[in-house]
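Q: Take this structure first; my questions come after.
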Amino acid sequence: MHQPRKIRVAHVDHTVVSGGAEIALARLINSEPGWEPYLFVPRGSDRAEMLARANFMDVVETGPQQKPGLASAGLRGAFRFSGALARHALALTLSRRFRSVDIVHANSTRAALYSVFAAKLSRKPLVVHLRDAVSSDSLGRIGYRAMTKLVLPAARGVVANSQYTLGTAREHVAAGVVARVIPSAVGLPRRAAPTHERPEVLTIGMVARVAEWKGQRLVLEAFARAFQAGSVRLSFVGGTELGGSDYLRTLRSLADNLGVSSRVDFLGQVPSGAVEALIDDLDICVQASIRPEPLGQNVLQYLARARPTVVADRGGPVEWIRDGHNGRTFRSGDVEDLARVLKELEPREQREALARGASQTPLPTLESVAAMHQDMYVECMRP
């Protein structure tokens, strides 16, 4: 009996550097989904790294590499930005492999800005994956205008990582567009039952890219207020974004000035296989973005490993954290409130209660996330 051909999906990304979007896509593709995936990335990318993360997809290098920062630059930057997008859109359109696909999935905001033109020229439906809030703070002035005036009105489908993220895009999405909230798969095994918490807090930690808006400074200041004396340590796990070395130096200097530098560890980017053990060793896990967090994978990973979790009270994380049940919330941007919550979690029984709640929190599996993506691709291809 003749088997129907699988849907061919072009997954377009502007980079293969191991950021959250790229890691999430690699997990999705390596689950052997029910579609035929093709990954389109800029020329000159590290092919060995791509293939290590993409066992089940064809990798196609096309178009120029995208330089960071252009979306928020001035007039000269705007012209350079537009030119780079046009060159990449043309390269995609001329790619024989791209012309053979059925639907286009833009895996990042930057990728969406040129995928929209390639999809229009090739007459293919476009699915835009929103991992950042649709705002000028998140996307830059030029990026925001391009997303709201060009990309979202042309999209056949919109995937968002949280209800919060989708809400920032609603007014810019045309009527009848397929819009779904699909979180990223956790990428870590569930801890079936929480282990007994340590009698005392030894380490507080945050797993996130080192960037000003992620709130490392806030966490550092709250830690210093809550644990000025004693042996409690603070660990920051995550690399800097491009151009973020100045911020890292600022954090190190601040730790010195606060008198806690001997108890603060900046671990940098760690292999994905090491994240589970690092999270398991944290007595309190923190998410502290100073603007509303769309939904980083860190919060779901904290829950998967049944760790006591503290999050800011705005954005996607509060869709998963119930204050006092499976985590704690604090007033976003408020150092004193975060310090208060951290101190309140010193007693073992407080942390054990949150760990139990975390272990009972339903989380998306890789299979369910893949199924939601496939259903969306099918729906977006309907006339």
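Values in this text are rule-based calculations from the coordinates and carry no lab data. Small disclaimer: the values here were computed from a predicted structure and weren't measured. So basically every Cβ, Gly included, is an ideal-geometry build from the backbone, and we count neighbours across all protein chains shown.
Q: Sorting 380, 285 on the 10 Å Cβ count, fewest up front, what's the list?
A: Fewest-to-most ranking of 380, 285: 380, 285.
Q: For residue 337 and residue 180, what does the FRET efficiency come to when R0 = 41 Å and r is the distance between their Cβ atoms, rounded to the nearest 0.05?
A: E between residue 337 and residue 180, to the nearest 0.05, is 0.75.
Q: How large is ³J(HN,Hα), in whole Hz, for each residue of segment 348-358 in order, when computed from phi with the Karplus curve 6.51 cos²θ - 1.76 cosθ + 1.60 and θ = phi - 60°, using x for Gly and Pro?
A: 4, 5, 5, 5, 5, 5, 5, 5, 4, x, 5
Q: Suppose every K and R has +1 on its Cβ and every D and E has -1 on its Cβ; what is the size of the dipole of segment 203-359 about the Cα centre, in Debye to the nearest 20?
A: 40
Q: Please name whichever of 165, 118, 153 sits farthest to the positive end of the charge dipole of segment 89-215, dipole taken about the Cα centre and charges placed at Cβ: Lys and Arg +1, Asp and Glu -1.
A: Working it through, the farthest residue towards the positive pole turns out to be 118.
Q: Right, here's the next one. Given that compact globular proteins tend to follow 2.2 N^0.38 Å, what is the ratio of the alpha-carbon Rg of segment 203-359 to that value?
A: Compactness ratio reported: 0.94.
Q: Oh, and also: Could you give each residue of segment 289-301 its phi-based ³J(HN,Hα) in whole Hz, using Karplus coefficients 6.51, -1.76, 1.60 with θ = phi - 60°, and x for Gly or Pro?
A: So the Karplus estimates, Gly and Pro as x, are 4, 8, 10, x, 7, x, 3, x, 5, 4, 5, 5, 5 Hz.
Q: Taking H as built 1.01 Å from N, whose amide H comes closer than 5 Å to the amide H of residue 264, not counting residues under 5 places away?
A: Under 5 Å from the amide H of residue 264: 234.
Q: Further question on the same structure: Counting Lys and Arg as +1 and Asp and Glu as -1, each charge on the Cβ, what is the dipole of the chain about the Cα centre in debye, to the nearest 20?
A: It works out to roughly 1480 debye.
Q: Something else about it: Hey, got the dipole for segment 301-383? About the Cα centre, +1 on K and R Cβ, -1 on D and E Cβ, debye to the nearest 20?
A: About 180 debye.
Q: Another one. Relative contact order, percent, of the chain when contacts are C-alpha pairs under 8 Å separated by at least 6 residues?
A: It rounds to 16 percent for the chain.
Q: Still on this structure, I have one more. Please report the spacing between the Cα centers of segment 21-41 and segment 204-279 in Å, no decimals.
A: Cα centroid to Cα centroid, the span is 31 Å.
Q: Translational diffusion coefficient of the chain at 37 °C, 0.692 mPa s, Stokes-Einstein with Kirkwood Rh over Cα pairs, in µm²/s as a whole number.
A: 151
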